[in-house]
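The structure appears right after this line, and notes come after that.
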Amino acid sequence: IFMRTEWGLVALMGLAGALMDKAMEQSLQTDTSRTIKEPEIIRLITGKDLPKGITLLSLKDDYLPPAAYIAEVRNSSDPGMDHVFWRILNSGNEAMVEHMTVFPIGKHIASLSYDLAQNLPHPTILRAGKIEYHRELEQIDHKVSTTPWVWSRIDRCQLGNVAAGTDELDKSWGCYFNLFKTRDEPASSKLSNRIASHVVPFVLAGKHRFRIGHDETPTEAQVRQYFASQYIAAQSHRYVFSPNEETQKRIKAIEDLVKWPKPEENAVIASVHIRRGDTAGFNCSRHQKFRGCTYTHKQVDRVRRMQKLYGVTHAYVMTEEPREVELARSLAPDITWMSLVEVYQAPIKQELDEWESSPGSPPRMNVEVYLQLKSEDPNFDGSVIEKHVYGYLADMQLASRADVHVLEASCTSASMLAISHGSKGYMPPHIPSNNKGLMSKPYWCSMKDVQSEKPDPSLLRFRNLIMN
């Protein structure tokens, strides 16, 4: 089965000639006038031209390669994997099936993207209608239909399906994003085909690996393997995070509210995630039990580190609390601070006294469960979900534009980083906000904890290779 799948995919993608294109290899090596070096993904797979100390860099919680290296890969990278994903997803080969869940939309993007990457070389089919029952619904002993997908319970999509308890894919995921099989084949280039000529054999050999645990001391080869796998996952995020025409129009209108630096300003921008939605209040004044909270001054300190290394001039803050932006601005007035939350208010505020008897305490349920319950009310019009989702997606896109990133321990951060990586074609510098670690954090947002149909037993060996 492996051999049949391997040759079938290579023939399908029309990349057989590129896999061993010696003439192109030679021309790249002998052309002394060529100043642009190899893209990062080819360096990772072939073992060439990476900064010294990559193993040490990768074992730390902070990924801060030399500025000169980032400038080099920025000028030589081409994301260029959309055509490969399109051909695999439209190959007609035996597929792995994933379903919508009750998770937040940020975790949905991360989960589906990582799962699509883990399923390779098999295509992934997304289906509606089989949704995981959330443990928090059980804790409050509330009988609730988990269909349709909570984030599609808006007037133009599936608000009308709530009473019926039905879920339609083109109105759930398709409410906001282009479905996998409704897209035209993306264009490719010589460079993107060359990248594919390295990535496709890497995947077909089962080398894509998405986790290195803290108890391991990986070799440089293993670190390269991991980073190459993250490139594939980032390209999967790029493919999955494809807003449809209506969503893109609404996102653009929201993005335009933020005064983003013009190209001629030569700004160096850091994105900063300060999570304050359903987990914490202003500057960690309250937070959910068993959840951490990152203080704003700690995130500002991390921006200062980025400033010293990369010359950061501007910072974009992803947060639900405008006072955090004001605090950051007061702590670092020499940096220009921007945030969507200052011009577009769409956070979902839970009525604390509705769920907790103790005044000022944090909500005891996650926001998606809260909305699941609220949307059962016959008078619920979906506007709070609609405004939140479009604002959230705009926030993600704005943050992913930044040059460097200061992250939180959340799937929103992991997903935003992957979207940034996928659009840039190289891993951008970033600092996780705690000790979750660079190596295990992205995998944490995988669909490993989400219901999924079992594939044909003959295909399980691919899952075992990937999940080793």
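The values are calculated or read from the model by the stated rules, or taken from the named source; none is laboratory data. All of these numbers come straight from a predicted model, not from anything done at the bench. Every residue, glycine among them, receives a Cβ derived from its backbone with ideal geometry; neighbour counts consider all protein chains shown. Accessible surface is based on the protein model in full, side chains and every heavy atom, while ligands, DNA and RNA are left aside. Shrake-Rupley method; radii C 1.70, N 1.55, O 1.52, S 1.80 Å.
Give me the helices (runs of 4 or more DSSP H) completely within the stretch 154-272, filtered to those with at least 2 residues that are modelled with pLDDT under 90, ordered by residue number. Talk me through it step by step, then tell me what you get.
On the way: elements: 173-176, 190-204, 220-240, 245-255.
Once the helices (runs of 4 or more DSSP H) in the stretch 154-272 are filtered for at least 2 residues that are modelled with pLDDT under 90, what remains is 190-204, 220-240.
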- line: Note on the stretch 273-307: residues at pLDDT 80 or above, part of a strand (DSSP E or B) and either open to solvent by 70 Å² or more (accessible area, probe 1.4 Å) or hydrophobic (A, V, I, L, M, F, W, C) (or both) are I274
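If you take the residues of the stretch 379-389 that are exposed (fewer than 15 other Cβ atoms within 10 Å of the Cβ) and in contact (Cβ under 8 Å) with a residue 24 or more places away in the chain, which of them is nearest to T147 (Cα to Cα)? Working first, answer last.
At the first step, the residues of the stretch 379-389 found to be exposed (fewer than 15 other Cβ atoms within 10 Å of the Cβ) are 379, 381, 383.
Now restrict to residues that are in contact (Cβ under 8 Å) with a residue 24 or more places away in the chain: 381, 383.
On the way: D381: 16, S383: 18 Å.
The qualifying residue nearest to T147 (Cα to Cα) is D381.
So which residues in the stretch 95-108 are of a type outside the set (G, A, S) and at pLDDT below 85? Step through it out loud before you land on a result.
Taking the stretch 95-108 as the starting set, the residues that turn out to be of a type outside the set (G, A, S) are 96-105, 107-108.
Result: E98, H99, M100, T101, V102, F103, P104, I105, K107, H108.
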statement: Note on the stretch 217-240: residues closer than 18 Å to L179 by Cα and of a type outside the set (G, A, S) are Q235, H237, R238, Y239, V240
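Name the helices (runs of 4 or more DSSP H) wholly inside the stretch 64-125 in which the number of residues that are open to solvent by less than 30 Å² (accessible area, probe 1.4 Å) and touching a residue at least 24 places away in the same chain (Cβ under 8 Å) is 3 or more. Lay out the reasoning, then the answer.
Values: elements: 67-74, 82-89, 105-119.
By residue number, 82-89, 105-119.
Here is a check on your reading of the model: is S172 closer than 20 Å to S383 by Cα, touching a residue at least 40 places away in the same chain (Cβ under 8 Å) and among the polar types (S, T, N, Q)? So that I can check it myself, show each step before the final result.
Working: closer than 20 Å to S383 by Cα: yes; touching a residue at least 40 places away in the same chain (Cβ under 8 Å): yes; among the polar types (S, T, N, Q): yes.
Spelling it out, S172 is indeed closer than 20 Å to S383 by Cα, touching a residue at least 40 places away in the same chain (Cβ under 8 Å) and among the polar types (S, T, N, Q).
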